[in-house]
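Structure first, commentary second.
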Amino acid sequence: MLRKFLILIACLTLLASLGCRPGTQEEATGAAEEAADQELEKTFKAMSEAYDDAETAEEKVRLLRDFLDRHPDTEYTGYALHHAIADMTGELNDPEGAYELVRTVLAEVEDPERQFKVKIRLAVLHGKTGKLDELRTLLAELAAEREFDYYDHLGIIETAVEAEAWDLVLEQSEASLALATPEAFKADYPDMEDEKKIERYGKSRRGISLAHQGWALVNLERSDEGLATFREAQESITYSYVGFAETPLYRYWARTLLQDGDVDGAIELVTRDALYSRESEGRDLLRQAYVAKNGSDEGFDGFLWNHRLELARTFDSFSLPNYDDETVDLGDFKGDVMLLAFWFPT
Amino acid sequence: MELPRLEPLWQKYRDQGFQVVAVESTREREEAQKFIEENNLTYHFLENLEGDDDVVGEMVGAEGFPTSYLIDREGRVMFSHFGFEKGDEEKIEKEIVKLLEG
C-alpha cells in the first residue's frame, strides 16, 4: 500500500504545485509547519507498515479508523478512506459501517477540495447501501458545485451498476466520455512523460466508459444500441501480452448474448476473461454459458483447459545477460517448464 | 509472486525440469544484487537491455510490475500473474505441477 500511495502523492503534489490549487501556495511553509508535516508523514508511514503486516481485515480497518480518528483532515484522508471502504465493503461485508465512517470523517473535513472528494465517496456508499434517493440528491448537489474528474464519474458508475440504477450509469458514463481521452489523462497526470502510456491509458478510459454505457443501454431495454456501443468500445481496448484486457466489456457483452440465447457467442467473448482475469466473474459467466449449452457443468474443467491450450501464445524467446555478464539464452530452457518473472528492486 | 517465495519452488521442482528466471528492468544493478544476496536467491537473474533491445516492454507493457508468466515445456505461455495476493503461492504451485505433468 505504501509504495502506491507515495506515487499517488507525488502525482498530486505535482498537480498542486502547477497552480491547480491557487491560494494555498501563498502560505509559506514555516519550519514549524514543516515539522508537523514530517511528523504526520512518519505517523502515516508507521500506520501503513502496520497495515501491510496486519493479518485480518478487522485489524487493518482498526488501524485506518484510528488514524482517521486522530487525523481526519489531511493529505492522507482520501487514501485511508479508500482502503477502509475497500476492506469494509469487501472482506468485512459491512457497507453500512463504511457509510458511517465516511459520514464521521466528512464532519471533520474543512478543506473544500478534500470535502468534495469525501462527498463523492459518500455518494458511492449511498449506492452500496441502497440509499438511491440520497445518492441522486447528493449527486445533483455535487454536480452543481464543480466538474467531476474521470475517477469521480467512475466511482459513481460502479456503485450505480451495483445498485442497478441504470439511468445513473448511462448519465455518468456519457458524462465521463469527455474525460476519456489521452489529453484528459495527461492533464490528470502532468508529470507522466511516456507518450505511449498516456495514449494507452487515455484510450482505455474510453473503453471502460463505453462498456458501462453499453451495459446501461442493454438494461434499459435498448439492446441494439448497447451492442453497438460494445462494438465501439472494442476499438479502445489494449490487450496484454497474453491477449487479455481487464475490462468489464466482455463480461457485459457475454451476459447480453447469453440473455439473447447466443451461448456460443457468449463463450467466445468471455473465455479469455475466464482464463486470465484475477476476478472470478468471467469464469462464473463462462460456466453459466457452458451449462446452458451442455445441460450440466460436467467436463467444464477439461473444457477450460483445452481453451487454455488453444489460446496460449508462443513465448518468443530472448537472450539477456546475467549479473556475471554471461549471456543466457532462454531458448536453451525449451523442454523445461519456466516461470518468468519481471521485477525491479523497490 | 514475491521473488523470495520463488526460491523454495525452484528448489522443490528444479529436478523435474523447472526453471525460474527473473528479469530486472531498471538496471539498478547494485540494488538488485543486494536484494538477491539478502534473500539467498539462487535461480536465474537477468538484466533487461535498453532501447530497441528492451524485451520487458512488450511482455509487461499493459500490465505493469510485477508480472510473471508460466511457460510450458512446448514454449506456450499458459498462465500469467500480476501482483501478489494471499493464496497466489498455492495457485502458482498447482499450475507448475500441472505443467510439469504435461
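Every read-out reported here was derived from the displayed coordinates using simple, explicitly stated rules and does not represent laboratory data. Fair warning: this is a prediction, and the values are worked out from it, not measured in the lab. Neighbour counts run over all protein chains shown; Cβ positions are idealised from the backbone, glycine included.
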Pairs of alpha-carbon atoms within less than 8 angstrom and 6+ residues apart define the contacts here; what relative contact order does chain A have, in percent?
8
Given a cut-off of under 8 Å on Cα pairs at least six residues apart, what relative contact order in percent is computed for region A:180-334?
13
Suppose R0 equals 45 Å; then what is the FRET efficiency for A:Lys196 and B:Lys12 from their Cβ-Cβ distance, rounded to the nearest 0.05?
0.70
Over all pairs of different Cα atoms in region A:82-225, the reciprocal of the mean inverse distance gives a Kirkwood radius in Å of 16.1
Just how many pairs of Lys in chain A have C-alpha atoms closer than 13 Å, counting pairs that are eight or more places apart or on different chains?
4
Helix-only mean residue ellipticity at 222 nm, the protein assembly as shown, DSSP H runs n ≥ 4 weighted -39,500 (n - 2.57), per residue, nearest 500. What is it?
-19000 deg cm²/dmol
In Å and on Cα atoms, what radius of gyration and Dmax does chain A show?
23.2, 72
With charges set only on the Cβ (+1 for Lys and Arg, -1 for Asp and Glu), what does the dipole of region A:72-143 come to about its Cα centre, in debye to the nearest 20?
280
Gain on full stretching of the segment that runs from A:Lys334 to A:Thr314 - 0.36 nm per residue minus C-alpha separation:
6.0 nm
Cα→Cβ-extended label distance, 7 Å offset, between A:Arg231 and A:Arg146, nm
4.1
If I take R0 = 22 Å and measure r between the Cβ atoms of A:Glu221 and A:Ala292 in this structure, what FRET efficiency does the formula 1/(1 + (r/R0)^6) give, to the nearest 0.05?
0.50
Sequence neighbours fewer than 8 away in the same chain don't count; with that in mind, list the aspartates and glutamates whose C-alpha is under 15 Å from B:Lys12.
A:Asp336, B:Glu89, B:Glu90, B:Glu93, B:Glu95, B:Glu101
Quick one: which of A:279-292, A:162-175, A:246-259 comes out on top by average Cβ neighbours within 10 Å, and what's the full order, highest first?
A:246-259, A:162-175, A:279-292
Could you give the dipole magnitude of chain A about its Cα centre, charging the beta-carbon of Lys and Arg +1 and that of Asp and Glu -1, in debye to the nearest 20?
660
Could you tell me which of A:Met192, A:Ala216, A:Trp166 has its Cα farthest along the dipole of region A:77-230 towards the positive end, charges placed at Cβ (Lys, Arg +1; Asp, Glu -1), taken about the Cα centre?
A:Met192
Does anyone have the angle between helix A:249-259 and the longest principal axis of chain A? Alpha-carbon axes, 0 to 90°, nearest 10?
50
